[in-house]
Every structure is written in structure tokens, then in C-alpha cells.
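Everything on this sheet refers to the single structure shown next.
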Amino acid sequence: MQQILDEAQGHSIPDYQGLGAFWRNLESFKTAELYGQRLIAPEAGEQMGDGKPAVKKSCCGGKSSVPADNSLTANEQGLTQALLASGSNAQIGECWPTGGRNPAKITASGIVDPDDKANNAAQKRSDQSALIMGLRKQFPFDGSQFPPLLWHARHEVSPSDITFIAAWIDDGCPETDIASNAVASKETSSAQPVAPGAGATPLALAMGDALHTVSKKHCSEDRDSVNGLKVRKEVSTLNEDELAALREALACMYTYDPHILDERSFNYWARIHTNSCQHGWEQFLPWHRLYLYFFEQTLQDYDSRITLPYWSWTDYSDANRNTYNTKIPDTGVLPEAYGCFLDSAGLAALKDSALFDETELAGLAQLQKAGTIYNSGLRFLKAAKINYTLQLREGEVVWSDKINAIYAELRRANPLWFPNRWPGPQSSPTHYPTQENIDLILAVRNWAQFGGGPEYDHHFGVLEEIHNGMHNFSGGQNPEFISATKAIGVTAPDPQNQYNPQFGYMTDNRVTAFDPVFWAHHSNVDRVWAVWQENNPGANPEDMDGILPPWSMAVRDALSTRKLGYEYMRDTYHYPTNGQQGLVRFNSEKAGVKPQVLDTHRKAEVRLHRMHVSNIFNAVIRVFLNAPGATVSTDIENNPCYVGQVTTFNGSCYGGPGHCDKPLPKTRVFDQRLLHHHEPRNFRIDATDAVQRMLNKGETDISVHLVVMGLDGKPIDNAVFIGGVSLNFMD
């Protein structure tokens, strides 16, 4: 960092408001301010002189009471309002971020968009540092308030060096360079990479002498950085950040549920299914695709990174085999993300409620300490040795105060859990789908059998039939429906009572979307359709112009997930690269692929994102797995580590200087021109067979390696520039 700034500044050192060559004294540099702006943003939680945090996390804020709304009946207000009213952390009406929560926008060159002022708190430490803003000429260091950096410099700091300094800041401003020196001879380098990517120089990474590391960001941030489609992942592969973002958005939506016309409310979207859902004919799949799409767009208004995960039913078929031939309800297994658990805040709230005796609190404390996740509220209560009880309030059957308090805390801890859910069989044995069942569905070759018939020939498609069974399984039957009401003297219980219904909400298409697991279930339906479309291009519904209410879009508008901006992946592992540095070799660390992903994936791909080629060199990029020592001389014949190769075709430029440089990103709303002839391209290399060969060798994880060579078979520098590399697994 010091060498870069020394070289750019030259011998003329401005005063910099008394700081002088501020970068030369590391200790003072970390806290130095220019025009009152910290040159290096403080770390999260760093204390200022007054003892207050220097960086404050954004929060929802809000009021802690449910507003009275006499226009709503109890049923319209629903379970969510009752839980909010009793919850310890209920917040109404102020948690939705104005304009949405967005990570820093990234331009095609990998630079933070200077026009993006939204949500600085979501940006990296470097993005908030005055040094980086000044070097990038970003507001307020764009000349509008303060001059850019560096002052009176010999030359500007290059984009790749700015990226390096930013990475240094994000790595905690280390005092030493842990990267190995680049190998002097590009033609003979065959050394194994020895340094991790964190803190490694761009050159060491581009030479393959340091390992590129897997991004820890939300997968949508990685895709946005390379102008890619957003990814809907299998719910069990969501990382902590991805799952937390989804839960936070839903928790905020619940607070708006008392306002029935507010599009930010969860129940507003659930009622769309109540009023407009299409089943039993060919609009079933297109209608629900748009339903998911528009709901997801609303979630992205809250946080632009969020996508809807899918629930791969077959992952749980072995665990649910005991439900095949039993009539015992509430025994099914769902993804853990949708289960209930008690956290420390919930335990404290229940203690403060004065509703529980010492024995009950001891049982709750034991569950909180264990951190066990339960598939239903009844199973949680049974483990806590607390009876499920009801009471009469103004003639209506409702939860007792104890149950109401517990359920409120369970849903606060996990907004994906829903109380009216008892997964498992109902009054008859349940047929739970296996992978063989899904394979048979995918083997169907005509649309009518797969997706249903047109308006003049209504009939279920085979995918909808299996979808119906999974609705019934995941909703299940309430084991306490009769006994709990008898205990309070009610001999004729109401099967539609919102607190104690006979069946789970997922079993009823009028209320099914009020259960958050609905969205993961239907995402999987949509994913299976997307896989079928991949296998059967051109097989579409008969009435392509049919309108899908309440939207004005037609069936044809719902046929492409890509046009809607998303794709499905079991999991994805992204390696950020420096798009300004020519790539010679690429070596990654092991991706950390989950065993379940390796066991169940259908397809694997290596993707090269936004690859830009130089003006004079054609090149070949060879791709290997688990071969960190691969070079241009590595044999590819009968090499189990070899995946495939990409060949570029470009040649020299006949325009003036800059004519064939990477084009500026399209930012103008009404710019309708075609892609620039030098627009960076994406490449996909099927790695399915290569991954299987690694597994056959006993490998338990996967790393990715690239070797760039000229047409003469020798290493070549500055021929290709890649914005990112990813390893992807699809169901």
C-alpha cells in the first residue's frame, strides 16, 4: 500500500491539512481524518472518544404496539397480529427501509458505482473509507465538496491498485504482505500456490502463486458484481447471512399485516393466492411462477440481495419414510430453516412474563441451551413438558396465555416458523416423493401431461399432482384439535378456527400462502418445471396469450426464469478476481462444498464471469479441478482433473486508441443499443463428469484451477481479464 501511494504521489508531498504523507505512519493513518472524513473507516464496533460506537448498525426501529384497526375482523387480522401483540419485540410500521436496503452497486469494471449513495452501512469498510472514495473520485471527493486524491500526484493510482488497497483495508490493514512473490518466469512456473487470497497481491493471484478465496458475501452480491442472474438456492445451503436477511425481511412484513391494503405486508401477498390462485389446468405453473416473482420483488424492495429459497423434497425422503405407512400425525421432517427454537432473548421474555413456574422455566432453559430445532410447536411444547392449552376469550377459542407467549417468542426467533403446521400424515398413510418419483415426472415429454390442459380441457399435470400431496404433508393434521377443545368444554370444535384448526394451513389453498414454507415448496415446483423446460425446449402451454390475474402479464411472459432475472442452484461458490489484472494462472482454495451437495447434485458447472479479452491476443483457457500445480505443460489426455477449455476469438483492433477497450457499463435508462462488440462475455464449462471423477478418487471437496496459454501453447500475459470464477451445483 505504501509503495503504491509513494509511487503515485512522487516527490511533491502536499500538506493534506497537516497530515503530510499520511500513509507512511500506519498507526496514525488508521485514525487520520481529512476534511473531517476518516481516511480509513473505523472497524465495526470501534469506540470513539465519547465511548460511543463509531459505526452504528442500522436497525428497524419502530413502535412496540399494534395499532387498533376496527375495520378488520379477527380472522382478517390473523395469527400474525395476535403473535405480534403478545411478542416482546413487536414493531409496527417503521421497519421498512425507504428505498430498500442495497449493497454498494458495482460497475462492470469491478469498481463501486460512484452514483450509488444508498445504504453505506451495507458497504464494505473500504467503501466507507475517504481514501478509497478519494482515489475513485467518489462523492464527496469528486470535486463537488473536496478534491479527489492524491493531490499534485505524479500519476493517478490505477484501478487494480485501488482494488488492492481496498482489499488491504477490508483485511484489517495488516502490517506485512503475506503473499509469496510472483514467480519470475511465467513460462516455467509450476510451483504450488502457497498463500491465501486475503492480502495477496493482484499479481500473485494472477500468476497462480496465491489462492483465490471463496467469497463470504451473500450470493446475490457476488452475482450483482458480475452483472449476473440472481440465484435461488436450496434452503439448506443458505449461509448465515442469506438466511438472516430473509428472516429479517419477513419479520418486518409481518408488522404491516394489520394494514390489509399495504403491499409491504406478508398477509397482503398471502391473500393474492386466496383470491386468484390457478390450479387444475395449464395456468397452474405460469401463474405461480409470476406469484413467486412478484413476492420476491417485494422482498428485494426490503433488501435487494434476497431471493426465495427452494425446498428440495427428495432430500428428506429417507427421513420421512416412517410416515409412509403410519397414521400418526405430526411426525414429518421439514428443512431446519422452518423449524422452531427458543433463543436467549425469548427465554428472558418468558421469564419476565410471570406466566411460568420454576419447573417450566427450567425445561425452557434446557431447550434454549441445547438449541434443538423442532418441526412443530407441539413438538417443542412436548420437549419442554408444557401442555398445549386453549382458553375461551369472548366466546372464541384461542391459545392460553402461556402458549400465546411461547409461540410469540418462537416466531420472533424464527419468522419462517408457523404455528398451524404439523408436518406428516393425516388420517391415512402419506406417500412422500422420492428422487425416482421426480425422475419419472421429468421423463414426461409432452406439456399437457406434465403441466396440465388448456381452458377447454381442464386436467391436472403430473407435477401438480405431486405438489398437492406435499401441501397436505407439510400442513398435516392437528393432533390436539379435539382433545384441547374438550379440555375447555367445547364439544364441537371449529375446523377453521385460526388458533386451533383441524388441519395445517398448507392443506387449504385458501390460506396456504400464510405459511412461509409455502414459498419454498412452490419454489421447488417452479425449479422442477425449469429443469423440465431445459430438457424439453419449446414444450409450452397451448394458450400463450392467457392473462394471469391480478397481473396484466400473459403466460408467455412467465416462460423464462432468466428473463425474470433468476436461476436455481443447489449451491454456488464464487471466487472474486481482479478484472483489471491479466490472468496467467488461477488457483482457488477448496470451495468447502457441503457433502449433501456433492451427494445430490444433478449437474456441476465452472463459470467464468465477464471475461474480457485484449486487443491482440487469442488465448486458450484450460480448466482443472483439484490440480493446483497445473501448468501449460500439464497433460490433458486421460487426466481425471481436466474439465475442458475455452478459446477466445478476437484479434487486433483497427479503430483509434481505446476503440476496442472494455466498454462503459450501460447506465442510461433509454440506451437501447445492442451490446458493444467488446462487451465482456460469460463462459460455462460443464464439470459434472469431472466432479464425479474427483468423488471416485475419494476427494471430499473441490477446488478450481485455470491455465491461460497462447495459441502457441506457451503462457501468455494480459490476454484475458476475468471478473470472477464460480463453481456451481444444480439439482
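For the subset of region 271-295 comprising residues that are touching an Asp or Glu at 6+ places or on another chain (Cβ under 9 Å) and either assigned to a loop (DSSP other than H, G, I, E, B) or among the acidic types (Asp, Glu) (or both), which member is nearest to residue 550 (Cα to Cα)? Per the criteria, the residue is 283. Give the residue that is farthest from residue 101 (Cα to Cα), with candidates limited to residues of region 323-349 that are in a helix (DSSP H, G or I) and touching a Gly at 6+ places or on another chain (Cβ under 9 Å). Ranking the candidates gives 323 first.
Of the residues making up region 680-731, those that are small (Gly, Ala, Ser) and assigned to a loop (DSSP other than H, G, I, E, B) are 687, 698, 703, 713, 719, 723. Whenever a residue of region 685-700 is of a type in the set (Val, Ile, Thr), its partners that are open to solvent by less than 50 Å² (accessible area, probe 1.4 Å), lying with C-beta atoms within less than 6 angstrom and at least six residues away or across chains, give the pairs 685/606; 685/623; 685/643; 685/644; 688/603; 688/604; 691/604. With the checklist (1) in contact with a Gly (Cβ under 9 Å, 6 or more places away or on another chain); (2) more than 27 Å from residue 340 (Cβ to Cβ) in hand, flag the one item residue 290 doesn't pass. Evaluating residue 290 over (1) in contact with a Gly (Cβ under 9 Å, 6 or more places away or on another chain); (2) more than 27 Å from residue 340 (Cβ to Cβ) leaves (1) as the failure. Being over 36 Å from the mean Cα position of the chain (by Cα) and either over 16 Å from residue 147 (Cα atoms) or surrounded by 18 or more Cβ atoms within 10 Å (Cβ to Cβ) (or both) holds for only one residue in 43, 7, and it is 7. When residue 55 is tested against (1) open to solvent by 70 Å² or more (accessible area, probe 1.4 Å); (2) in a loop (DSSP other than H, G, I, E, B); (3) modelled with pLDDT under 60, exactly one condition is not met: (1).
Taking region 215-254 as the range and being modelled with pLDDT of 95 or more and β-branched (Val, Ile, Thr) as the test, the residues that pass are 231, 235, 237.
For region 319-335, the set of residues classified as closer than 11 Å to residue 375 by Cβ and surrounded by 15 or more Cβ atoms within 10 Å (Cβ to Cβ) consists of 320, 330, 331, 332, 333, 334, 335, listed by residue number. Listed conditions (1) open to solvent by less than 90 Å² (accessible area, probe 1.4 Å); (2) within 29 Å of the chain's Cα centre (by Cα) are all met by residue 676, apart from (2).
Pairing residues of region 329-345 that are farther than 14 Å from residue 506 by Cβ and among the acidic types (Asp, Glu) with residues that are in a helix (DSSP H, G or I) and at pLDDT 95 or above, at Cβ distances under 9 Å and at least 6 apart in sequence or on separate chains, gives 336/235; 336/236; 343/368; 343/409; 343/412; 343/413. Inside region 249-268, residues that are closer than 16 Å to residue 101 by Cβ, open to solvent by 10 Å² or more (accessible area, probe 1.4 Å) and out of contact with any Pro (no Cβ under 7 Å at 6 or more places or on another chain) make up a count of 1.
Checked against the criteria, residue 557 does not count as touching a residue at least 24 places away in the same chain (Cβ under 8 Å), open to solvent by less than 10 Å² (accessible area, probe 1.4 Å), farther than 26 Å from residue 717 by Cα and of a type in the set (Asp, Glu). If the condition is being in contact (Cβ under 8 Å) with a residue 24 or more places away in the chain, touching a Leu at 6+ places or on another chain (Cβ under 9 Å) and more than 30 Å from residue 299 (Cα to Cα), then region 380-402 contributes 384, 386, 388, 397, 398, 399, 401, 402.
Is it the case that residue 669 is of a type in the set (Val, Ile, Thr) and free of Cβ contacts under 8 Å to residues at least 12 places away in the same chain? Yes; evaluated as a whole, the condition is true for this residue. Of the residues 84, 72, which single one is aliphatic (A, V, I, L, M), surrounded by fewer than 17 Cβ atoms within 10 Å (Cβ to Cβ) and at pLDDT below 80? The conditions single out 72. Scanning region 553-582 for residues that are modelled with pLDDT of 95 or more and either acidic (Asp, Glu) or not in a strand (DSSP E or B) (or both) yields a total of 15. In region 528-539, the residues that are open to solvent by 70 Å² or more (accessible area, probe 1.4 Å) form Cβ pairs under 8 Å with partners that are at pLDDT 95 or above, at six or more places apart or across chains, as follows: 535/442. Considering the conditions (1) open to solvent by less than 30 Å² (accessible area, probe 1.4 Å); (2) of a type in the set (S, T, N, Q); (3) under 15 Å from residue 604 (Cβ atoms), residue 696 is excluded by exactly one of them, (1). Note on region 475-513: residues that are closer than 20 Å to residue 272 by Cβ, part of a helix (DSSP H, G or I) and touching a residue at least 60 places away in the same chain (Cβ under 8 Å) amount to 5.
For first residues located in region 122-136 and basic (Lys, Arg), partners that are modelled with pLDDT of 90 or more and crowded, with 20+ Cβ neighbours inside 10 Å and lie 6+ apart or on another chain with Cβ distances below 6 Å form the pairs 125/41; 125/169.
For residue 609, the criteria (1) part of a loop (DSSP other than H, G, I, E, B); (2) touching a Phe, Trp or Tyr at 6+ places or on another chain (Cβ under 9 Å); (3) under 27 Å from residue 157 (Cα atoms) hold in every case but one, which is (1). Evaluation of residue 661 against the conditions (1) under 30 Å from residue 595 (Cβ atoms); (2) at pLDDT below 90 shows that the sole unmet condition is (1). If the condition is being closer than 16 Å to residue 727 by Cα and assigned to a loop (DSSP other than H, G, I, E, B), then region 203-238 contributes 211, 213, 214, 215, 216, 217, 218, 226, 228, 229, 238. Evaluated against (1) crowded, with 18+ Cβ neighbours inside 10 Å; (2) without any contact (Cβ under 8 Å) to a residue 40 or more places away in the chain; (3) among the aliphatic types (A, V, I, L, M), residue 362 falls short on exactly one condition, (1). Within region 473-518, the set of residues being among the polar types (S, T, N, Q), surrounded by fewer than 20 Cβ atoms within 10 Å (Cβ to Cβ) and out of contact with any Pro (no Cβ under 9 Å at 6 or more places or on another chain) comprises 483, 491, 496, 497, 509. For region 269-315, the candidate set comprises residues that are more than 29 Å from residue 600 (Cα to Cα) and touching a His at 6+ places or on another chain (Cβ under 7 Å); within that set, the residue that is surrounded by the fewest Cβ atoms within 10 Å (Cβ to Cβ) is 280. Yes or no: region 607-621 includes at least one residue that is touching a residue at least 12 places away in the same chain (Cβ under 8 Å), open to solvent by 40 Å² or more (accessible area, probe 1.4 Å) and within 21 Å of the chain's Cα centre (by Cα). No, the conditions are met nowhere in region 607-621.
Only one of the numbered conditions (1) open to solvent by 60 Å² or more (accessible area, probe 1.4 Å); (2) farther than 17 Å from residue 500 by Cα is not met by residue 401, and that is (2).
The values are calculated or read from the model by the stated rules, or taken from the named source; none is laboratory data. From a predicted model like this one, the values you see are computed outputs, not experimental measurements. Quick reminder, even Gly has a Cβ in these numbers, built from the backbone with ideal geometry, and neighbours come from all protein chains shown. We work out accessible area using only protein heavy atoms, side chains counted, and drop any ligands, DNA or RNA first. Shrake-Rupley method; radii C 1.70, N 1.55, O 1.52, S 1.80 Å.
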